[in-house]
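To keep things clear, I will list the structure first and then write my remarks on it.
The values are calculated or read from the model by the stated rules, or taken from the named source; none is laboratory data. Just so we're clear, the structure is a prediction, and the values are computed from it rather than from any experiment. Methodologically, a virtual Cβ is constructed for each residue, glycine included, from the backbone with ideal geometry; neighbour enumeration extends over all protein chains shown.
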Amino acid sequence: MKTKIILLAAVVAFSLNLDLSAKERSERRPPDSAERPIDLVICLDASNSMDGLIGAAKQKLWDIVNELGKARPKPHLRVGLYSYGTPSYGAETGFVRKEIDLTDDLDSVYAKLTALVTHGGDEYVARVVRLSANEQSWSPDRDALKIIVVAGNEPYMAKKRDDVQKEINDMSVQRKKYIDAEIKKSGKSTDKAFDAAMLKAIREQAFRRNFKFDENPK
């Protein structure tokens, strides 16, 4: 399975490739299929570092859902949700909790997302990425768009223990360069540049799976 990770911090987003294909054999979509699959898993930091920020993060995450829903051809959009960084989830889980599996019932996902609150703890981004990548029933369609979005307020850099963490660390460096370039190029305020970078990152991955959008991101 070829999955993209988007790391979102203070409305920063960028994309990277994470090859997790060992467990799955991709299949071609039937030629008469009217909808193209998009699988999106949201991972939201629910630790105390997100106090005062989690509301805005939820809105930006749902903006991504809405953006992908505009893709053409018409997508079969499924969304899953994880939260992480709360002590009550338990050390044995890596302080990660699955809120809902990939589903096209977006109302249920939205209800779960908006109900999340901050509480405690330590954030281990690699753990939630690894779990969501390996646990979910991702589309077997070779042409499906598969994305993991991580939203948090703590640095993603950590000791390079495995390929997942190494990819996250490398992406964190790339992301800063990308955002700096966006700010310099557009002359926009930091927040607006972050918003633009997030949408561009999402759309770039969609374009690579031959999705299109009616309008260019502003």
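Quick notes
- Considering the conditions (1) modelled with pLDDT of 70 or more; (2) within 23 Å of Arg127 (Cα to Cα), Arg208 is excluded by exactly one of them, (2).
- Filtering the stretch 71-127 to residues that are more than 19 Å from Asn153 (Cα to Cα) and acidic (Asp, Glu) leaves Glu92, Glu99, Asp101, Asp104, Asp105, Asp107.
- Scan of the stretch 82-93 for residues that are closer than 21 Å to Ser137 by Cα, of a type outside the set (Phe, Trp, Tyr) and buried (at least 17 other Cβ atoms within 10 Å of the Cβ), ordered by number: Ser83
- Selection count where residues are of a type in the set (D, E, K, R) and surrounded by 22 or more Cβ atoms within 10 Å (Cβ to Cβ), scope the stretch 124-147: 1
- Total residues in the stretch 103-154, condition closer than 17 Å to Pro87 by Cβ and in contact with a Pro (Cβ under 6 Å, 6 or more places away or on another chain): 2
- Pairs with Cβ under 9 Å, 6+ apart, first in the stretch 61-76 and in a helix (DSSP H, G or I), second loosely packed, with under 15 Cβ neighbours inside 10 Å and of a type in the set (Ser, Thr, Tyr): Trp62/Thr114
- Boolean, Gly80 is farther than 27 Å from Lys212 by Cβ and small (Gly, Ala, Ser): no
- Residue, modelled with the lowest pLDDT, within the stretch 37-60, restricted to residues that are part of a helix (DSSP H, G or I) and of a type in the set (D, E, K, R): Lys60
- When the residues of the stretch 99-123 are filtered to those that are among the charged types (D, E, K, R) and either at positive phi or at pLDDT below 95 (or both), the one that is surrounded by the fewest Cβ atoms within 10 Å (Cβ to Cβ) is Asp122.
- So Val149, is it closer than 30 Å to Asp214 by Cα and touching a Cys at 6+ places or on another chain (Cβ under 7 Å): yes
- The stretch 84-103 - residue that is part of a strand (DSSP E or B) and in contact with a helix residue (DSSP H, G or I) (Cβ under 8 Å, 6 or more places away or on another chain) and, of those, nearest to His119 (Cα to Cα): Tyr84
- Test result for Tyr156, among the hydroxyl-bearing types (Ser, Thr, Tyr), at pLDDT below 70, in contact with a helix residue (DSSP H, G or I) (Cβ under 8 Å, 6 or more places away or on another chain) and outside any helix (DSSP H, G or I): yes
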